[in-house]
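Some notes on the structure that comes next.
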Amino acid sequence: MEALFALSLFPYLAFLYFLQKSGKAPRLAMFGFYFLLVFVLVTIPVGIYCKLVLHETLSNVDWLHGPAEALLTISNIFVVLGFKQALDDKLG
């Protein structure tokens with residue numbers, strides 16, 4: 001399963017590249033999409049720590065899983081607010 005998670009990074013990076021290149025995504029939403037990489041970069045080593053040191057999966061270690069998921073939530077908030085702002089600007 002971890003290999004699938006790692007492989008999914010490449011299509012996501014391609015998505016970011018083409019979305020950035022199009023210039024059509026709202027800036028705040030783009031920031032949210034990029035911030036998702038922070039979630040990934042934090043979650044991978046924390047997940048490895050859980051597996052090697054705590055002998056558990058990250059999802060079973062609440063004190064680490066909660067903050068990691070908070071990063072995902074923050075990313076989603078930026079994306080939603082970015083598109084909401086763009087709609088508000090367009091609709092006047």
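None of the figures in this text is laboratory data; all of them are computed from the coordinates on show. Values in this document were obtained by computation on a predicted structure and should not be read as measured data. All Cβ positions, even for glycine, are placed from backbone atoms using ideal geometry, and neighbour counts span all protein chains on display.
A few comments on the model shown:
- For the chain, adding -39500 (n - 2.57) for each run of n ≥ 4 DSSP H residues and dividing by the number of residues yields -27000 deg cm²/dmol at 222 nm.
- The residue among Leu71, Leu91, Pro11 whose Cα reaches farthest toward the positive pole of the charge dipole of the chain, with charges on the beta-carbon of Lys, Arg, Asp and Glu, is Leu91.
- The fewest-to-most ranking of His65, His55 by surrounding Cβ atoms within 10 Å reads His55, His65.
- For Lys90, the lysines whose Cα falls under 19 Å of its own Cα, not counting residues fewer than eight places away in the same chain, are Lys24.
- What the Cβ-Cβ distance of Ser59 and Lys24 gives, at R0 = 35 Å and to the nearest 0.05, is a FRET efficiency of 0.50.
- Neighbour cut-off at most 15 other Cβ (10 Å), DSSP loop, trypsin sites (Lys or Arg not before Pro), the chain: Lys24
- Kirkwood Rh, Cα atoms: Rg over Rh of the chain: 1.08
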